[in-house]
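Please read the structure below before turning to the comments.
Just so you know, all these numbers are worked out from the coordinates, no wet-lab data involved. Here the structure is a predicted model, which means the values were calculated and not measured. Here the Cβ positions follow ideal geometry from the backbone for every residue, glycine too, while neighbour counts run over all protein chains shown.
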Amino acid sequence: MTLIINGETKEFSNDSTLQNIITNLQIEDKVMAAAVNMNIVKKEDWNNFIPNNDDKIELLQFVGGGWDKSKKVWVEKKEILLKKEQFLFWKI
């Protein structure tokens, strides 16, 4: 089946559970939250949840952020798994 995981198209067998997918991607120690088509899937359900072809999956890890006094902006750094980083800035 074809899945879009954090914006990247990936192929998996049709019987892959969410847990199998996370393990296959070698990020099981990093994923703290998962959403399929914008719906949260509880961690205790990952072993039984089988996504459908073309589902959009977001796998998230939370990291810190803080107030940047010099720029007067709130900075949040979140690592989007699969080796991408994104910085979000809010002007206050």
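Of note:
- The packing ranking, built from the mean of other Cβ atoms within 10 Å per residue, places the peptides 5-16, 49-60 in the order 49-60, 5-16, highest first.
- Ranked by how many other beta carbons lie within 10 Å on average, peptides 18-28, 37-47 from highest: 18-28, 37-47
- Model label sites at THR23 and ILE40, defined 7 Å from Cα along the beta-carbon direction, differ in position by 2.5 nm.
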